[in-house]
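The values are calculated or read from the model by the stated rules, or taken from the named source; none is laboratory data. All values reported here derive from a predicted model rather than from experimental measurement. As a convention, Cβ positions derive from the backbone with ideal geometry for all residues, glycine included, and neighbour counts pool all protein chains shown. Remember, those area values only see protein heavy atoms, side chains included, never the ligands or the DNA or RNA. Shrake-Rupley method; radii C 1.70, N 1.55, O 1.52, S 1.80 Å.
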Amino acid sequence: MADIERESMEYDVVIVGAGPAGLSAAIRLKQLDADLNVVVLEKGSEVGAHILSGAVLDPSGLDSLIPDWKAKGAPLNTPVEEDNFYVLGEAGKIRIPNFPMPPLMNNHGNYIVSMGNVCRWMAEQAEELGVEIFPGMACSELVFGDNGEVKGVVAGVFGLEADGSIGENTEPGMELHGKYVFLSEGVRGSLSKEVIEKYDLAKDSEPQKFGLGMKEIWEIDPAKHKEGTVTHTSGWPLGSNAGGGSFIYHLENNQVYVGFVVHLNYENPHLFPYMEFQRFKHHPMIADLLEGGKRIAYGARAITEGGYQSMPKMTAPGVALLGCSVGMVNVPRIKGNHNAMLSGKAAAEAAHRAISAGRASDELTDYEAEVREGAIGKDLKKVRNVKPLWSKYGMLASLVGGGLDMWTNTFGFSIFGTLKHGKNDAQSTGKAADFKPIDYPKPDGKLSFDRLTNVSFSMTNHEESQPAHLHLKDPSIPTAVNVPEFAEPAQRYCPAGVYEIVDDKFVINFQNCVHCKTCDIKDPSENITWTVPQGGDGPNYPNM
């Protein structure tokens, strides 16, 4: 596709991804200078269609960006009223009291939200300021300048033949050039991954770590609904098989977000994260809440969990990485949206200074300095050891040691220094022969559901004649290596049933893909590359 001639459009700043980071950057740029030409390109069919987050939102990012957000009608309608944390056993539970928790774990002042709806509202604010937003425009390639700098992206390629070749109905897309390009693609974005590799941005950081977050929206019996209640659990059913836990958030309209996170550094390749989630809902505490209700939506998304020590260098000539493209989730708080917003604001301010000084296509080094030394860095540095403690020593050590470390960090020092992560999540996968297969109960169709039925509740759609957007570096590896050595875990780690072994052949059902990126992260041979399908394809999340 590189030799195709395309039309081009020139902007001051080109932003890839209409999530909280990208939209914050766009808004801040226009707040600083109404004459800047800013465009946001979003692969989803509409803004919010591909946004999936818990989410309990810390409004600090929004406070900084749009101080009068309440008067402007931001959809932050459910303040947190009650905070609970339980450690589950198979049939029972232990409540962990709130008082020993470090102050940063308090959810007072936060809101239960749909981040999809927050992003839709932010897009309206951006457009009122004059930002151009184009949904359904997947960015499939970077455009480089003569000196190796990123000068733009290719967006809007449609109608390729199944083998990737150009056909009579192919629309080649166009190039959008900017003085600066912001990549705010979310976790494991394909262009961000390319930039990190091309410029070796991760050479001085620890490997990035990830979790897989799965989420359902339920309408429940009004008698059981407690608007504003936030509950987190750990323990059963994962036990020692994997790190992770759940969230249960009561929002308005008798709805509850039920989510489950599995840390992707698990060793046992027989582990089936989706089925762990389904089994979790049969715990007496959860089953009692959901019985008589109905599931109305499902989705899944990878989560960055490496934290402070895993953030790569964030800038290269002409380009900056924002939000989860860097990895700004505070793991114990399970919050990253506020940091994504702050990163977008910081990148916008750095780009505005540069453009005002007549610069273009260089490195926005002051953006990186602000992230590492400002509010984001301070937020993440305090909790940097919770994830490695959990990974190396288990949940109990993380609760006790991580809690103690967070308390001492409140006073400016850490008893552990900065712990390392070591392996990436793919390398953490063990050999199948060293672990016992796990017997999962069959879903009952009331509380628990099979994958393909649940995927239909994500409203996922991909035009089937296009090339598969999931690429194998070596097509022989799944059957020659992953099946005999790892029992081909792609059949299990994918929360959408994309991968199967059928008649000894590896089958990719890319139409099912919900764009979670787990395969790009967890494949033990690191053989799968996730790229964007044509624009507008994928899930269509309503209120995630």
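Would you work out if the range 297-440 is rounded, prolate or oblate? Take a ≥ b ≥ c from the square roots of the eigenvalues of the alpha-carbon gyration tensor; rounded if a/c is under 1.5, else prolate when a/b is larger than b/c, oblate otherwise. Because a/c hits 1.5 or more and a/b exceeds b/c, the range 297-440 counts as prolate.
Dipole of the range 312-436 computed with +1 at Lys/Arg Cβ and -1 at Asp/Glu Cβ about the Cα centre; of Met341, Ser428, Leu364, farthest Cα towards the positive end is Ser428. Estimated at the nearest 10 Å², the accessible area of His471 is 90 Å² with a 1.4 Å probe. Bridgeable lysines around Lys446 (alpha carbons under 21 Å apart, same-chain partners fewer than 8 residues away excluded): Lys215, Lys224, Lys281, Lys294. Could you tell me which of the pairs Lys226/Lys442; Lys423/Lys522; Lys30/Lys70 are separated by over 22 angstrom between their Cα atoms in the structure shown? Table pairs above 22 Å Cα-Cα are Lys226/Lys442.
In the chain, a dipole from Cβ-located charges (positive for Lys and Arg, negative for Asp and Glu) runs towards its positive end, and of Val153, Val383, Val256 it is Val383 whose Cα lies farthest in that direction.
Under 5 Å from the amide H of Thr460 lie the amide H atoms of Asn540, each residue being 5 or more positions distant or on a separate chain, with H modelled from the backbone and absent for Pro and chain starts. Within a straight-line Cα-Cα reach of under 15 Å, Lys382 can be paired with the following aspartates and glutamates, leaving aside sequence neighbours fewer than 8 residues apart in one chain: Glu305, Glu373, Asp405.
Which value, in debye to the nearest 20, describes the size of the charge dipole of the chain about its Cα centre when Lys and Arg Cβ atoms bear +1, Asp and Glu Cβ atoms bear -1, and nothing else is charged?
Details: 49 positive and 70 negative charges, 456 e Å.
Roughly 2200 debye for the chain.
Estimated at 0.36 nm per residue, the fully extended path between Asn106 and Asp474 surpasses their Cα-Cα distance by 127.7 nm.
Treating r as the C-beta distance of Glu464 and Lys378 and R0 as 30 Å, the FRET efficiency rounds to 0.05. Couplings 3J(HN,Hα) of the range 164-181, computed from phi: x, 7, 8, x, 5, 9, 6, 9, x, x, 9, 9, 10, 9, x, 4, 9, 10 Hz, in residue order, whole Hz [Karplus 6.51 cos²θ - 1.76 cosθ + 1.60, θ = phi - 60°; x for Gly and Pro].
About the Cα centre of the range 23-66, what is the dipole size in debye to 20, counting +1 per Lys and Arg Cβ and -1 per Asp and Glu Cβ, all else neutral? Intermediate results must be reported in sequence, preceding the final value.
Details: 3 positive and 6 negative charges, 17 e Å.
In debye, rounded to 20, the range 23-66 gives about 80.
Evaluating 6.51 cos²θ - 1.76 cosθ + 1.60 at θ = phi - 60° for every residue in the range 316-326, the Karplus couplings come out as 9, x, x, 9, 9, 9, 10, x, 6, 5, 9 Hz, glycine and proline recorded as x. Quick one: longest stretch of the chain between exposed loop GluC sites (Glu not before Pro), exposed meaning at most 10 other C-beta atoms within 10 Å and loop per DSSP? The longest uninterrupted stretch comes out as 169-463. Residues whose amide H comes within less than 5 Å of that of Ile133, counting only those at least five positions distant or on another chain, are Val40 (H built at 1.01 Å from N in the peptide plane).
Sparsely packed loop sites in the range 450-544 (the trypsin sites (Lys or Arg not before Pro) outside DSSP H, G, I, E and B with at most 14 other Cβ atoms within 10 Å) comprise Lys473. Between amide H atoms placed 1.01 Å from N, distances below 5 Å from Asp83 occur with Val230, all of them 5 or more places distant or on a separate chain. Need one word for the range 1-124: rounded, prolate or oblate. Basis is the Cα gyration tensor (sqrt eigenvalues a ≥ b ≥ c); a/c below 1.5 gives rounded, then a/b vs b/c decides. Prolate shape, in that a/c is at least 1.5 and a/b is the bigger ratio. In the chain, the DSSP beta bridges split such that about 70 percent are antiparallel, to the nearest 5.
Shown in residue order for the range 302-310 are the 3J(HN,Hα) couplings computed by the Karplus curve 6.51 cos²θ - 1.76 cosθ + 1.60 at θ = phi - 60°: 6, 10, 6, 10, x, x, 3, 7, 9 Hz (x for Gly and Pro). Only aspartates and glutamates eight or more places from Lys72 in sequence, or on another chain, were considered; those with a Cα closer than 16 Å are Asp63, Glu124, Glu127, Glu128.
From the Cα gyration tensor of the chain, with a ≥ b ≥ c the square roots of its eigenvalues, which class applies: rounded if a/c is under 1.5, or else prolate if a/b is larger than b/c, or else oblate?
On the way: a/c = 1.45, a/b = 1.18, b/c = 1.23.
Rounded.
Net charge in the neighbourhood of Gly430 (other residues with Cβ under 13 Å of its Cβ; Lys, Arg +1, Asp, Glu -1) is 0.
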